[in-house]
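For reference, the structure is listed below as C-alpha cells.
Laboratory data are not the source of any read-out in this text; all were calculated from the coordinates shown. Worth saying up front: this structure is predicted, and the values here are computed from it rather than measured. Every residue, glycine among them, receives a Cβ derived from its backbone with ideal geometry; neighbour counts consider all protein chains shown.
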Amino acid sequence: MVESLYSTVPDPCNDRTCSEKDCPKLVNKPLEDTVLFSQEGEKPDWKLLKEFLSREGPLTKPQCIKLLQLTIDMLKKEPNLVQVEEPICVVGDIHG
C-alpha cells in the first residue's frame, strides 16, 4: 500500500500502553480511485482494500456506491438455480 496513507495518531498525554513501533499505523485519508480500482475492467484491488479496511481506512461515498454496483452486476450474472445429477447428498443449511 502507499506509505503516505499511514500515520500515527498523536499522543498528547503521553499515556499510551504500547509503543509507536508495536502498534500498527492507522490510515489518515481515503484511497484514491486510481489506486483502489487499478486492475483491468475497473475491478477493485481486493487485497489492497482488505488491508486498507483492516487499518480502519475510510472510503468515500462514491467508492462505496461503485463497489456495491460492481457486486450487484457480478451477482446478476450468477444463476440462482443449479442443476446437479443424482445421486446427491445435501448436508447442512439449504435455505439461503
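Looking only at the stretch 63-96, which residues are within 29 Å of the chain's Cα centre (by Cα) and charged (D, E, K, R)?
Lys66, Asp73, Lys76, Lys77, Glu78, Asp93 - these are the residues of the stretch 63-96 that are within 29 Å of the chain's Cα centre (by Cα) and charged (D, E, K, R).
Which pairs turn up if I take residues in the stretch 56-72 that are closer than 22 Å to Leu26 by Cβ and look for partners that are exposed (fewer than 15 other Cβ atoms within 10 Å of the Cβ) with beta carbon separation below 7 Å, at least 6 apart in sequence or on another chain?
Cβ pairs passing all conditions: Glu56/Leu26; Gln63/Asp33.
In the stretch 70-83, which residues are surrounded by fewer than 13 Cβ atoms within 10 Å (Cβ to Cβ) and within 17 Å of Ser38 (Cα to Cα)?
The one that is surrounded by fewer than 13 Cβ atoms within 10 Å (Cβ to Cβ) and within 17 Å of Ser38 (Cα to Cα): Thr71.
Is there a residue being without any contact (Cβ under 8 Å) to a residue 12 or more places away in the chain, surrounded by 13 or more Cβ atoms within 10 Å (Cβ to Cβ), closer than 30 Å to Asp11 by Cβ and acidic (Asp, Glu) anywhere in the stretch 23-44?
yes
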